[in-house]
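Here's the structure we're looking at; comments come further down.
The values are calculated or read from the model by the stated rules, or taken from the named source; none is laboratory data. Quantities reported herein were computed from a predicted structural model and do not represent experimental measurements. Ideal geometry is used to build each Cβ from the backbone, glycine not excepted, and the neighbour counts take in all protein chains shown. Ligands, DNA and RNA are excluded from the accessible area calculation, which covers all protein heavy atoms including side chains. Shrake-Rupley method; radii C 1.70, N 1.55, O 1.52, S 1.80 Å.
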Amino acid sequence: MEHIAHDETSFVRPAEVGEMELYHAKTWLGKYVFSQDAKTIAIQYAATAIAIGMVALVLSWVMRLQLAWPNTFTFIDPAYYLQAVTMHGMIMVVYLLTALFLGGFGNYLIPLMVGARDMVFPWLNMISFWVYFTAVVLLAASFFVGGGSTGAGWTLYPPQAILPGTPGSETGILLMLASLAVFIIGFTMGGLNYVVTILQARTRGMTLMRMPLTVWGIFVATVLALFAFPALFVSAIMMSLDVLLGTSFFMPAIMTMGNEADHVGGNPLLFQHLFWFFGHPEVYIVALPAFGIVSDLISIHARKNIFGYRMMVWAIIIIGALSFVVWAHHMYVSGMNPYFGFFFATTTLIIAVPTALKVYNWVLTLWQGNIHLTIPMLFSIAFLLFFINGGMTGLFLGNASVSMPLSDTLFVVAHFHMVMAVAPVMVVCGAIYHWYPKITGRWYHEGMARFHFWVTFVGSYLVFLPMHYLGIMGVPRRYFEITGTTFLPDSAQTVNASITIAALVVGFAQLVFIYNLIFSAMKGKKAPGNPWNATSLEWQTEHTPPQHGNFGKELPCVYRWAYDFSVPGVEDDFIPQNVPPRTTTPEAAS
Amino acid sequence: MSNIFTEQPWIADAGPLTPALSGAQISVNARRSALKMLLSVVSVFFLLMIVAYGGRMLYQDWRPTPQINLLWGNTGVLLLSSLCLQAALLWARAGKTDWVRGALIGAGILTVLFLVGQVAAWQQLTSMVLGDFSNPSVGFFFMITGIHGLHMAGGMVALMRAIKRAFTQSDVQSMEHNVSNCALYWHYLLGVWLLVFGLLFTGDNFEVLLKICGFI
């Protein structure tokens, strides 16, 4: 191995900005409950998100039980079914995936990966979590109020959402809207923190173009969320006013239950535009962090630098920008002008270009790599398969003419589960296994992890692949039951039953996953500080798990990107970002 | 920004780092950056409401909000409060601490007056429409003024803290930072108010709004 100089002062000028003053909690409450340490906050976010996500998982079982064996389970009536559909969707998209990627991974990884002591506004960060927690409590409270939670579907379309007859139209919908508004307030606090930390608290040498792609993904997703969530916030306020004050933002003159409603002149389509102006970027708010994380996982576990780093960064930025001009492809059947539909079909297909580039680059990173089939790598490969599958069906649904007959069928459900549910969840699982030794200082149980992977991977395919065929046959989504429908053969019901069995098994595997995480945190084997021989800064901390302040006495200096794997002429197959360049003095360089 | 386009990240350093490439060496006020980011988010928020309002105006049954003259007075008060903060900023830069304190208190009082005036305008409108909020323009009036008022009220929290620090701390530079951030926020919300007041609530600005929203 060549000699490496360690005299950092030869290369790095002193920082102009002094070290941030860290808040050191003096009480147990201050340290573990109202903590201002981003790592603790990250774990709080993750635990809360996973807990409410488990509720959503159980709700999916409720749906599947009804669809597989209609009228067998007496506790599932049409109203309960619709409530389960609604809450499952909203919880999974907003309260689990968004919160986990940005609040969980964002909080843990941003300061560590950019070489900062903490987020720039630790107090605001703490408040952000507790506001999120309040939003989750409000949402969960809607299960217990009179009339139950809303059953309007996760899109909450008016006028249906607030008319009598829709489950939860009394209180459930209001709690949902309030919860969303509170969530957005909390997220804005956190989001400002993430963006400013990435822009201003990077350590010396950590240029934007040296940041790991994980940070890029979280950064652009956060910017998207900051600009997309206001649309949801506005629509939540407007719908709340329609319910509470009798305004008519979205409610047209309408008959309900044989009576004329008080509303007049509202425009339901306005809600759809506002909702999807948020809703489509939301897909990328979930996807971009997954793109970034999986890039790092693939590179590290294939021991190869990421193929086309700059292209990957620009693809993330371009996808983020384009995501704001595709929203109406969710509204092809709303009666829009065909030219309008053409515009949105075109932008939708354009966004496939940078997305496809990313897929090629992941595959080319794997090509001739020294692939280690570790658990994170297995989940990364599974992500690729699900994402390519879901992406291809996106080409169908992005075209207005093809999308219309498939609209509101299980084909749509299969598509978005493949591309923005299962695929990002694969990354979540891979990422948790990848950073678990750093977060806990212990190894997870390998056998349970492999069981979790294979059951989740195969099981998810068994759930969502056949669903495409049901959709093409015309099976509609959100229907309580389809038995006795003349255009559907009996085999459709058989497929439905098989999907349910697979879904139950996949759900069980997640319980094993959570057991593994909890059990191993206490009883797992001790893990070294950098078990994957990774290069980014979070693996170079003095302590594992990292202590408050992340790094030792001094912040690390960065001399290179995060992808120096298998560098020719170097004995080890990795060079950490904080290892100085080979013996080159400033004089020699000049 | 140029290094984002030209940097070749796969090449490791071979010499001293320049300050421009080094994050921790960027000496920018983080609070200022966060505030600017927040104002960008708030801009999207108000823009969406204005576009929604413009879209709704296109329909045949559109009925504008009744005129409320009190809003002119409220606008004047908000303008004065913003001027007070600008004066406070200039005095802070000149190190005239006592003047800064007075201007900050003046800005606070005027802002409270503005908020009280807005509530009075709400009451006037409620009595004008006899409690019938089904007219969309009335709904928009309440929502947009309400949200603007909430932003002003939120700003008051920061202003109160700035006033407290102006009386308890002697660090002039810190005072200037606080006053500068408050002034930026107030000027911004004054701008937003002038925009929504001018476009939405001062008579028949139908065509102007439609042009801005790109409908004609």
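Being surrounded by fewer than 20 Cβ atoms within 10 Å (Cβ to Cβ), among the small types (Gly, Ala, Ser), at pLDDT 95 or above and closer than 21 Å to A:Ala421 by Cα is the requirement here; does A:Ala46 meet it? Talk me through it step by step, then tell me what you get.
Numbers: surrounded by fewer than 20 Cβ atoms within 10 Å (Cβ to Cβ): no; among the small types (Gly, Ala, Ser): yes; at pLDDT 95 or above: yes; closer than 21 Å to A:Ala421 by Cα: yes.
The answer is no for A:Ala46.
Against the definition (part of a helix (DSSP H, G or I), within 14 Å of chain A (Cβ to nearest Cβ) and more than 30 Å from A:Ala225 (Cβ to Cβ)), how does B:Leu78 come out, yes or no? Don't jump to the end; show me each part of the working.
Values: part of a helix (DSSP H, G or I): yes; within 14 Å of chain A (Cβ to nearest Cβ): no; more than 30 Å from A:Ala225 (Cβ to Cβ): yes.
Taking the combined requirement at face value, the residue does not satisfy it.
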Taking B:Ser170 and the conditions (1) part of a helix (DSSP H, G or I); (2) farther than 22 Å from B:Val44 by Cα; (3) more than 14 Å from chain A (Cβ to nearest Cβ); (4) open to solvent by 70 Å² or more (accessible area, probe 1.4 Å), which numbered condition does it fall short on, given that it satisfies the others? (1)
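Yes/no matrix, rows are residues, columns are (1) among the aromatic types (Phe, Trp, Tyr); (2) open to solvent by less than 30 Å² (accessible area, probe 1.4 Å):
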site: A:Ile472; (1), (2): no, no
site: A:Arg477; (1), (2): no, no
site: A:Ser498; (1), (2): no, no
site: A:Ile501; (1), (2): no, no
site: A:Leu504; (1), (2): no, no
site: A:Phe513; (1), (2): yes, yes
site: A:Ser520; (1), (2): no, yes
site: A:Lys523; (1), (2): no, no
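Can you go through A:Phe574, A:Phe551, A:Phe508 and tell me which one is touching a Phe, Trp or Tyr at 6+ places or on another chain (Cβ under 7 Å), in contact (Cβ under 8 Å) with a residue 40 or more places away in the chain and either open to solvent by 50 Å² or more (accessible area, probe 1.4 Å) or among the aromatic types (Phe, Trp, Tyr) (or both)? Break it down into steps so the answer makes sense when it comes.
Working: A:Phe551 fails: touching a Phe, Trp or Tyr at 6+ places or on another chain (Cβ under 7 Å); A:Phe508 fails: touching a Phe, Trp or Tyr at 6+ places or on another chain (Cβ under 7 Å).
Only one candidate passes the filter, namely A:Phe574.
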Checking the structure you have, find out if any residue of region B:145-162 is in a loop (DSSP other than H, G, I, E, B), over 13 Å from B:Leu70 (Cβ atoms), among the small types (Gly, Ala, Ser) and within 14 Å of chain A (Cβ to nearest Cβ). no
Every residue in region A:538-551 that is touching a Leu at 6+ places or on another chain (Cβ under 6 Å) and on the phi < 0 side of the Ramachandran plot, please. A:Glu538
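Just to be sure before I move on: is A:Leu537 within 27 Å of the chain's Cα centre (by Cα) and exposed (fewer than 13 other Cβ atoms within 10 Å of the Cβ) in the structure I sent? Spell out how you get there, then give the answer.
Details: within 27 Å of the chain's Cα centre (by Cα): yes; exposed (fewer than 13 other Cβ atoms within 10 Å of the Cβ): no.
So A:Leu537 fails the test.
Can we say A:Ala161 is more than 20 Å from the chain's Cα centre (by Cα), outside any helix (DSSP H, G or I) and crowded, with 19+ Cβ neighbours inside 10 Å?
Values: more than 20 Å from the chain's Cα centre (by Cα): yes; outside any helix (DSSP H, G or I): no; crowded, with 19+ Cβ neighbours inside 10 Å: yes.
Considered against the rule, which asks whether it is more than 20 Å from the chain's Cα centre (by Cα), outside any helix (DSSP H, G or I) and crowded, with 19+ Cβ neighbours inside 10 Å, A:Ala161 comes out as no.
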For region A:381-394, which positions are over 19 Å from the mean Cα position of the chain (by Cα) and open to solvent by 70 Å² or more (accessible area, probe 1.4 Å)? A:Met392
For region A:72-111, give me the residue count where each residue is in a loop (DSSP other than H, G, I, E, B) and hydroxyl-bearing (Ser, Thr, Tyr). 2
I'd like to verify a number: residues in region A:273-306 that are at negative phi and outside any helix (DSSP H, G or I), how many? 4
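Being over 23 Å from A:Ala152 (Cα atoms), outside any loop (DSSP other than H, G, I, E, B) and open to solvent by 30 Å² or more (accessible area, probe 1.4 Å) narrows it down to one of A:Val419, A:Val425, A:Val463, so name that one. I'd like the intermediate steps shown before the answer.
Values: A:Val419 fails: open to solvent by 30 Å² or more (accessible area, probe 1.4 Å); A:Val463 fails: open to solvent by 30 Å² or more (accessible area, probe 1.4 Å).
Just a single option satisfies the conditions, and that option is A:Val425.
Can you work out which of the residues in region A:185-206 that are open to solvent by 10 Å² or more (accessible area, probe 1.4 Å) and more than 7 Å from every other protein chain (Cβ to nearest Cβ) is farthest from A:Tyr95 (Cα to Cα)? Spell out how you get there, then give the answer.
Taking region A:185-206 as the starting set, the residues that turn out to be open to solvent by 10 Å² or more (accessible area, probe 1.4 Å) are A:185, A:187-189, A:192, A:199-202, A:204.
Of the ones still in play, those that are also more than 7 Å from every other protein chain (Cβ to nearest Cβ) are A:185, A:187, A:189.
Values: A:Ile185: 13, A:Phe187: 11, A:Met189: 16 Å.
Checking each candidate, the answer is A:Met189.
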Are any residues in region A:362-380 of a type outside the set (Ser, Thr, Tyr) and surrounded by fewer than 20 Cβ atoms within 10 Å (Cβ to Cβ), and if so, which ones? A:Val363, A:Leu364, A:Leu366, A:Trp367, A:Gln368, A:Gly369, A:Asn370, A:Ile371, A:His372, A:Leu373
Those residues of region A:437-460 which are aromatic (Phe, Trp, Tyr) and either in contact (Cβ under 8 Å) with a residue 12 or more places away in the chain or closer than 13 Å to A:Phe519 by Cβ (or both) amount to A:Trp443, A:Tyr444, A:Phe451, A:Phe453, A:Phe457
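Are any residues in region A:207-224 within 8 Å of chain B (Cβ to nearest Cβ) and touching a Leu at 6+ places or on another chain (Cβ under 8 Å), and if so, which ones?
Pass one, region A:207-224, residues within 8 Å of chain B (Cβ to nearest Cβ): A:207-210.
Result: A:Thr207, single match.
Can you tell me which residues in region B:113-142 are in a loop (DSSP other than H, G, I, E, B), without any contact (Cβ under 8 Å) to a residue 40 or more places away in the chain and within 12 Å of chain A (Cβ to nearest Cβ)?
Filtering region B:113-142 down to residues in a loop (DSSP other than H, G, I, E, B) leaves B:129-135.
Add one more test, that the residue is without any contact (Cβ under 8 Å) to a residue 40 or more places away in the chain, and what stays is B:130-134.
If the condition is that a residue be in a loop (DSSP other than H, G, I, E, B), without any contact (Cβ under 8 Å) to a residue 40 or more places away in the chain and within 12 Å of chain A (Cβ to nearest Cβ), then B:Gly131, B:Asp132, B:Phe133, B:Ser134 are the ones that fit.
Checking the structure you have, find out if any residue of region A:145-159 is free of Cβ contacts under 8 Å to residues at least 24 places away in the same chain and not charged (D, E, K, R).
Checked region A:145-159: no residue is free of Cβ contacts under 8 Å to residues at least 24 places away in the same chain and not charged (D, E, K, R).
Yes or no: A:Phe307 surrounded by fewer than 24 Cβ atoms within 10 Å (Cβ to Cβ) and modelled with pLDDT of 95 or more?
Working: surrounded by fewer than 24 Cβ atoms within 10 Å (Cβ to Cβ): yes; modelled with pLDDT of 95 or more: yes.
So A:Phe307 passes the test.
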Complete set of residues in region B:19-46 that are open to solvent by less than 60 Å² (accessible area, probe 1.4 Å), more than 7 Å from chain A (Cβ to nearest Cβ) and either at pLDDT below 90 or over 30 Å from B:His151 (Cα atoms) (or both): B:Asn29
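Is it the case, given these coordinates, that B:Ile105 is surrounded by 19 or more Cβ atoms within 10 Å (Cβ to Cβ), of a type in the set (A, V, I, L, M, F, W, C) and in contact with a helix residue (DSSP H, G or I) (Cβ under 8 Å, 6 or more places away or on another chain)? Spell out how you get there, then give the answer.
On the way: surrounded by 19 or more Cβ atoms within 10 Å (Cβ to Cβ): no; of a type in the set (A, V, I, L, M, F, W, C): yes; in contact with a helix residue (DSSP H, G or I) (Cβ under 8 Å, 6 or more places away or on another chain): yes.
No.
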Do we have any residue at all in region A:237-244 that's at the interface with chain B (Cβ under 7 Å from one of its Cβ atoms), assigned to a helix (DSSP H, G or I) and more than 21 Å from B:Pro136 (Cα to Cα)? no
Looking at A:Val313, A:Val353, can you tell me which residue is of a type in the set (A, V, I, L, M), in a helix (DSSP H, G or I) and within 14 Å of chain B (Cβ to nearest Cβ)? A:Val313
